[in-house]
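Novice: I'd like to ask you about the structure that follows.
The values are calculated or read from the model by the stated rules, or taken from the named source; none is laboratory data. Source: prediction; values computed, not measured. All Cβ positions, even for glycine, are placed from backbone atoms using ideal geometry, and neighbour counts span all protein chains on display. Just the protein is used for accessible areas: all its heavy atoms, side chains included, with ligands, DNA and RNA removed. Shrake-Rupley method; radii C 1.70, N 1.55, O 1.52, S 1.80 Å.
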Amino acid sequence: FDVNASIIANLAIDPEGSRFLQKRIKLGTHEERHLALEKVLPHLALLWQDASGNYVLQQLLEHGDEETRNELMKGVEKEGVVALSLHMHGCRVVQKAIKCLDQTQVTTLITKFRSQVLNFTHDPNGNHVIQKCIQVMSSLAKAAASRNDTDMASSLSDQLQFVVDDVVANVESLSKHRYGCRVVQRAIEFCVEHQKDAVLKKIVECHASLVDDQYG
């Protein structure tokens, strides 16, 4: 990585160069990862929109330390998390962030989607972000419950409630939508029991209109 930032950026958007950088980030030293971050940050807008470059950012999120993740997420937030979530490559970076950030960072990140649930759910890229929110937040809540930390479990499920509320309120139309149906399925699959029950209750109420629908 002893090269200038523009050369690293050009490598990152080249398929072979991207694979090389990903391997170096995964297997390299702490110092190499920090240097890689330093070189890619000036070109973040280019990389998250690129078919190869976005994978370099994902590797930094997955294998970087807390400082690396924090610096990268500051850059992502400047770019606009909503914009990334609705982009075919940017949404992968956001999903990786939801998966790899610590619990506090994840709960902060998903608040940025509070007014975007239906917009994301109807979008070919954004729906994957909502699915990942449901999966990760519900898993964190269940893990807390398994440790008998009921307060934390309740807090985590509460922080996902705005997503569940929008799913419940629109369950019939979402279940008939090619992308929305995936979000409904993830809610049934991953949500804690009382949230899952709320979704299932609404599905039962409208089941007659769903049985003959290609997605419902």
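Novice: Condition test on residue 171, is it touching an Asp or Glu at 6+ places or on another chain (Cβ under 9 Å) and touching a residue at least 24 places away in the same chain (Cβ under 8 Å)?
Specialist: Answer is yes for this residue.
Yes or no, residue by residue, for (1) of a type in the set (D, E, K, R); (2) surrounded by 19 or more Cβ atoms within 10 Å (Cβ to Cβ):
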{"site": "66", "(1), (2)": "yes, no"}
{"site": "71", "(1), (2)": "yes, no"}
{"site": "90", "(1), (2)": "no, yes"}
{"site": "100", "(1), (2)": "no, no"}
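Novice: Also, quick follow-up: Within region 7-25, count every residue that is part of a helix (DSSP H, G or I) and either open to solvent by less than 70 Å² (accessible area, probe 1.4 Å) or over 17 Å from residue 51 (Cβ atoms) (or both).
Specialist: Adding up the residues that qualify gives 13.
Novice: Pairs, please: C-beta under 9 Å, at least 6 apart or cross-chain, first residue in contact (Cβ under 8 Å) with a residue 24 or more places away in the chain and among the acidic types (Asp, Glu) and in region 12-28, second outside any helix (DSSP H, G or I) and open to solvent by less than 60 Å² (accessible area, probe 1.4 Å)?
Specialist: The qualifying pairs are 14/52.
Novice: So in region 177-202, with the set limited to residues that are free of Cβ contacts under 8 Å to residues at least 60 places away in the same chain and touching a Leu at 6+ places or on another chain (Cβ under 7 Å), which one is nearest to residue 140 (Cα to Cα)?
Specialist: The residue in question is 188.
Novice: Name the residue, out of 163, 199, 129, that is farther than 21 Å from residue 85 by Cα, open to solvent by less than 60 Å² (accessible area, probe 1.4 Å) and in contact with a helix residue (DSSP H, G or I) (Cβ under 8 Å, 6 or more places away or on another chain).
Specialist: 199
Novice: Also: Where in region 65-159 are there helices (runs of 4 or more DSSP H), lying wholly inside it, with at least 1 residues that are in contact (Cβ under 8 Å) with a residue 40 or more places away in the chain?
Specialist: 81-85, 90-100, 103-110, 117-121, 126-146, 150-159
Novice: Give the residue, chosen from 62, 31, that is in a helix (DSSP H, G or I), modelled with pLDDT under 90 and farther than 11 Å from residue 8 by Cβ. Please lay out each step first, then the result.
Specialist: Numbers: 62 fails: modelled with pLDDT under 90.
None of the others qualify; the one that does is 31.
Novice: Quick test for you: out of 119, 54, pick the one residue that is open to solvent by 10 Å² or more (accessible area, probe 1.4 Å), on the phi < 0 side of the Ramachandran plot and more than 13 Å from the chain's Cα centre (by Cα).
Specialist: Every option except 119 fails the conditions.
Novice: Among the residues of region 166-186, is there at least one that is among the acidic types (Asp, Glu), over 14 Å from the mean Cα position of the chain (by Cα) and in a loop (DSSP other than H, G, I, E, B)?
Specialist: Here is the first cut: in region 166-186, the residues among the acidic types (Asp, Glu) are 166, 172.
With over 14 Å from the mean Cα position of the chain (by Cα) added as a condition, the list becomes 166, 172.
Those left that are additionally in a loop (DSSP other than H, G, I, E, B): none.
No - not one qualifying residue is present in region 166-186.
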